[in-house]
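Single-structure report; data block below.
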């Protein structure tokens with residue numbers, strides 16, 4: 001059973017994620033990577049909490065991207081570029097990016113007018 005959005009812990013900005021440990025954060029899917037069929041199934045996405053049109057200067061050393069990796073999956077329904085997510089999982093560093101394997105996630109819909 002899903003936890004209602006108002007019951008989730010406060011989201012942490014991606015630049016403040018711990019090097020290791022459990023965290024809740026959110027952002028927009030910037031890109032997805034699908035590996036060839038000859039390799040072990042893995043689906044990954046890069047999430048950013050900065051709008052691509054926000055040209056404000058980031059502080060030195062700040063990282064506004066987190067990699068999500070679903071092992072054993074070739075696709076994850078609803079995970080496409082531009083989708084807004086709220087996610088939770090164990091953060092670890094991989095290739096210089098904070099990475100969350102098999103995250104718990106919630107797609108945040110856009111309000112239609």
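What to note about this one:
- Residue order, fewest to most beta carbons within 10 Å, for 16, 95, 49: 95, 16, 49
- Highest-first packing order for the peptide set 25-38, 96-109 is 96-109, 25-38, based on the mean count of other beta carbon atoms within 10 Å.
- Potential lengthening of the chain between residue 112 and residue 75 amounts to 10.6 nm, from the contour at 0.36 nm per residue minus the alpha-carbon distance.
- With both labels modelled 7 Å from their Cα along Cα-to-Cβ, the residue 84 to residue 22 distance reads 2.6 nm.
Rule-based calculations on the coordinates, nothing more; no lab input. What you see is a predicted model, and the numbers here were worked out from it, not measured in a lab. When we count neighbours, we look across all protein chains shown, and the Cβ atoms used for this are built from the backbone with ideal geometry, even at glycine.
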